[in-house]
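What follows is a short report on a single structure.
The values are calculated or read from the model by the stated rules, or taken from the named source; none is laboratory data. Please read these numbers as outputs of a predicted model, since none were measured by experiment. Every residue, glycine as well, gets a Cβ built from its backbone with ideal geometry; the counts of neighbours run over all protein chains shown.
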Amino acid sequence: MAENAMKSYSNQLSMGVSILVSMATVFVVCYYLAGTMNASKAMQAICGMVGMIIIMIIEVVLIVIRTNDIDEHVAKRKKKNAPRPEHHAPSKWAAEQDEKREAGGANKANRLVM
């Protein structure tokens, strides 16, 4: 139980850190690219912020897709592991046929012994 909690915690933490790192990276790249076009410091900051917003939207879409895939996988696993309904009792006709086969087999065995 504690291992599952730690896996969940570390998984969520890694996703959060990944988003923060990607946002910081895109901010620096956009800031630098705006600086190479001789933009003012304010314009560089705005370009960095726009890049951060775009990458955040991309990350959110990826998380939604991943969560949806996980939900589908869990639903399949639950369906696969669900207890199957009990089979219905055989019909009266099927039970009679089984009895006839068993009786016929016993008669043949008695004939062979004699």
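A few comments on the model shown:
- Contact map, the range 22-42: first residue within 12 Å of Ile55 (Cα to Cα), second residue of a type in the set (Lys, Arg) and surrounded by 14 or more Cβ atoms within 10 Å (Cβ to Cβ), Cβ cut-off under 8 Å, separation 6 or more or different chains; the map is empty.
- Subset of the range 44-82 (residues that are closer than 16 Å to Gln12 by Cα and not in a helix (DSSP H, G or I)): none
- If you go through the range 83-100 and keep only what is polar (S, T, N, Q) and either at pLDDT 80 or above or outside any helix (DSSP H, G or I) (or both), you end up with just Ser91.
- Taken as a whole, the condition of being of a type outside the set (Asp, Glu) and modelled with pLDDT of 80 or more does not apply to Val74.
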